[in-house]
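Bear in mind these aren't lab numbers, they're just calculated from the coordinates by the rules spelled out. Remember, it's a predicted structure, so these values are computed and weren't measured experimentally. Every residue, glycine as well, gets a Cβ built from its backbone with ideal geometry; the counts of neighbours run over all protein chains shown.
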Amino acid sequence: MAQRVVAEQAVFLATAPAGPRDRRLAAGVVGVSSVIFLALIPFAQQPLPHVWGFIPIYESAIAFSDLITAAILLIQFNILRLRALLALACGYLFTALMAIAHALTFPGLFSPTGLLGAGPQSTAWLYVFWHAGFPIAVMGYVLLKDRTDAPEPSFHPGGRALLLGIGSILAAVVGLTILATVGEAFLPDVLSRGANGMGLIVTVSADLALTFLALLMLWRRSHSVLDLWLTVVMCAWLFDVSLSALFNAKRFDVGFYAGRSYGFLAASFVLFVLLRETGILYAQLAELFEEEHREHRREAEERRRIFETSLDLILVADRRGNFLRVSPSSLAILGYRPEEMIGRSGADFVVADDLAAARDEMRLARRGKEMRNFATRYMHKEGRIVTLDWSGVWSEPEQRHFFIGRDVTEQRRNQRLKDEFIATVSHELRTPLTSIMGSIGIIESGAAGKLPDAIAQLLKIALANCRRLVTIVNDILDIEKIEAGKMAFDKKRVDVLSLLNDVAQANEAMATQHGVTVRLDSASAPATVLADANRLVQVITNLVSNAIKFSPRGSEVVVSAENKGKSVQIKVRDHGPGIPDDYKDRIFEKFVQVDATDQRQRGGTGLGLSIAKQIVSQLGGEIGFDRAPGGGTVFRVELKAADAAFPEAVKTNRAALAS
Amino acid sequence: MNAYRILHIDDDPDIREIVKYSLALDPEIIVKSSDGGMAAVEEAASWSPDAILMDVMMPVIDGPQLLSHLRDDERTACIPVVFLTARAQSREVAHFMSLGAAGVLAKPFDPLTLAKSVRACTEIQRPLA
């Protein structure tokens, strides 16, 4: 979450771009400071009372402020890993430590000549070193900031760089302090009888030059808020050095006090903005935490409600199948309250025969398979079997199985009843029809003796209608099977021309009866499709018989096959009146029959085309019709060629072998 | 003339009557009828028909179970069995064939061609004289 803060908002002073408001504020501060500075110059050498308490207060404040600033910048370096921030932090650390050394060596403060073995020039030299060091650190900050090879933000401390930086500063401070105190004799005099000498003017000029250079570098590259306020700091630094070492005459004059005041401001600007930034960051962090907490609470509440109100059974289990959480729906579904199931194994509730399969599914889920879908039977508390359709996943981080189960017991029972109904109706309708057709057929054939013509004719009518009744029963049962998804298809390679030939021959008698001829188009190409041969015969027979019924006497019905490479198109063409416009959208619906206009009995149940469409669809094909050129209708059945469909067959067979 | 003996097993008396008439249209066929159960197995064992024509949906012992009993009895194990059933869907046909049936004929049937259909299913399995 904190990474989001870093990544999304760029709230750090070192990276946040300076806006117009920041620039206006900084310009205002520099402007006011400049005016005050210029106003003070003429009075810089005016002596003022010696306020000895000023030095320790001022130096302590600077040291304290700079140490805090250094610490905050080091923390930011740890996060942002910008070496420029380390350089700047070292600069503030240097300033803090040099301020302490300066105070300790200040003559008359802690001892007449100052501590640490200081001489009369020591404090001045420490001042010079101190006011050279920080601008150098700022220049280092600017130069390092321009490098774009900073690593990704991280919460792992940059330990080595940090220790190196702090160690270097400590060594520098100690070294310079020793040089200014013990090694004072090696340094030229900068003070002359307690007043600013030429040496000081020269050395301080060097400090000013460094400050000015740092200011210039910042000015050219000031993009971030930190850059902007460092520019302000450098201006204050400039005023500090100018007033307290260049324009003043000696210690405790207006320049001395005013310059050091600017020095304190210089030490404080960045600290103030850093503290302000920290405050803003904390506020944003708190807001984000609260928002995330609210989001978590909302999600948890949502999950709880879904869990408690679900009609399906929700289970959370460990890798061994022991239930850890059970939704309240367990009572309605299995008869057990959740607390009766929690802590127990799924094996206590699963029907023994289904246990191995259920364990396999859990094992597969743990092996990284996607959501598993399977059915398992459970023992209800009352002793009956309940069938549940499950969806389940395994969560590796949480080491938990998550299952949602739907009670499909009633659904399966209804399906079984429906299947039994179909089987029973099928049997109970066809059995008496067998007796009726058998009896009439035997008598009509003359096997039971010669019949008078009238009786023979009546029996012929009875037999024809028996056959019609058989067709109706078959069609109704077929439709029922198809809609229940229970029609089985035995898909094999089928020689289309051979099949069409058989259908044509089988319908020859009917065709003769209607005064129509049925022929196979000689231009038909050999073709093989992957289909259930019996069902395909059923479809083509339906189309051919329809074509015969609607063809005028003396006309022909032409059956053809076209090999289109990836598919095979079978056509049945008649020369009848065509399909009326108001039937075109409904011709494949159940119980739709085109009205007879010539009183000739068409027969049929109105289910044939509906069944044909569903069969063709199940075979993966398409059925349709067009107006035939010159009149009549062409019905088309398009199926995948066996070679194009073969990969499907391979997949089906492999699946069958695997199961 | 070689007599071809067929044992017909069906619980429906009307169907038994029709089948008898139908098969009798073939002068070589001699038909005996049974209404099913273990009595049918005994009848098959004692009479040794050339083929058995059997319904599927029968009370107490259905067609597949009866077939199993016939196969378990060494006296009847080799007699070809043809199912005559109202449940003649492709998958069901495949199932019956996998049980060891010699053929599956659908009800309602054409009485004039029943004999020919039964012989077509069974004659290749008829043991050589």
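At a glance:
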quantity	calculated
Leading residue at positive end of dipole, the range A:310-407 (Cβ point charges), from A:ALA352, A:LEU364, A:LEU331	A:LEU364
Nearby aspartates and glutamates by direct alpha-carbon distance to A:LYS481 (threshold 14 angstrom, same-chain neighbours under 8 apart not counted)	A:ASP419, A:GLU420, B:GLU92
Those aspartates and glutamates that a straight Cα-Cα span of less than 17 Å connects to A:LYS584, excepting residues fewer than 8 apart in one chain	A:ASP574, A:ASP595, A:GLU622, A:ASP626
Scaled radius of gyration (Cα, divided by 2.2 N^0.38 Å) that the range A:255-307 gives	2.28
Rounded tilt (10° steps) of A:225-241 against the dominant C-alpha axis of chain A	0 degrees
Cubic angstrom per residue, convex hull over Cα atoms of chain B	97 Å³
Farthest positive-ward along chain A dipole, Cα basis, beta-carbon charges - from A:ASN507, A:LEU143, A:LEU13	A:ASN507
Order of A:SER310, A:SER327 - criterion: other Cβ atoms within 10 Å of each residue's Cβ, fewest first	A:SER310, A:SER327
In the range A:283-359, the trypsin sites (Lys or Arg not before Pro) that fall in loop regions by DSSP, at most 14 other Cβ within 10 Å	A:ARG319, A:ARG320, A:ARG344
Check: the range A:2-288 dipole with +1 on Lys, Arg Cβ and -1 on Asp, Glu Cβ, in debye	260 debye
Cβ-based net charge around A:LEU469, under 14 Å, with every Lys or Arg adding one and every Asp or Glu removing one	+2
Environment charge at A:PRO107 (Cβ cut-off 15 Å; Lys +1, Arg +1, Asp -1, Glu -1)	0
Quotient of C-alpha Rg and 2.2 N^0.38 Å, computed over the range A:310-407	0.97
For B:MET57, A:MET198, order by how many other beta-carbon atoms lie within 10 Å, fewest first	A:MET198, B:MET57
Across A:LYS418/A:LYS486; A:LYS486/B:LYS107; A:LYS450/B:LYS32, pairs whose alpha-carbon gap is larger than 22 Å	A:LYS450/B:LYS32
Furthest towards positive pole of dipole, A:ILE306, A:VAL173, A:CYS90, structure part chain A, Cβ charges	A:ILE306
Neighbour-count order for A:MET510, A:MET139, fewest beta carbons within 10 angstrom listed first	A:MET510, A:MET139
Isotropic mean projected area of the C-alpha convex hull, the protein assembly as shown (nm²)	59.6 nm²
Nonlocal amide H pairs with B:LEU105, under 5 Å, H built at 1.01 Å	B:PHE83, B:LEU84, B:THR85
Exposure rule at most 11 other beta-carbon atoms within 10 Å, DSSP loop GluC sites (Glu not before Pro): chain A longest free segment	A:1-369
Magnitude of the charge dipole, chain B, Cβ model with Lys/Arg +1 and Asp/Glu -1, debye to 20	380 debye
C-alpha long axis of helix A:122-145 to longest principal axis of chain A, angle in °	20 degrees
DSSP bridge pairs, the range B:4-121: antiparallel proportion in percent, nearest 5	0 percent
Qualifying lysines (Cα of each under 17 Å from Cα of A:LYS640; at least 8 residues distant if same chain)	A:LYS491, A:LYS492, A:LYS564, A:LYS566, A:LYS571, A:LYS613, A:LYS651
Of the GluC sites (Glu not before Pro) in the range B:1-84, those whose Cβ has at most 15 other Cβ within 10 Å and which sit in DSSP loop	B:GLU28, B:GLU74
The protein assembly as shown - share of DSSP beta bridges that are antiparallel (%, nearest 5)	75 percent
Given charges at beta-carbon only (K, R positive; D, E negative), |dipole| of the protein assembly as shown in Debye	1620 debye
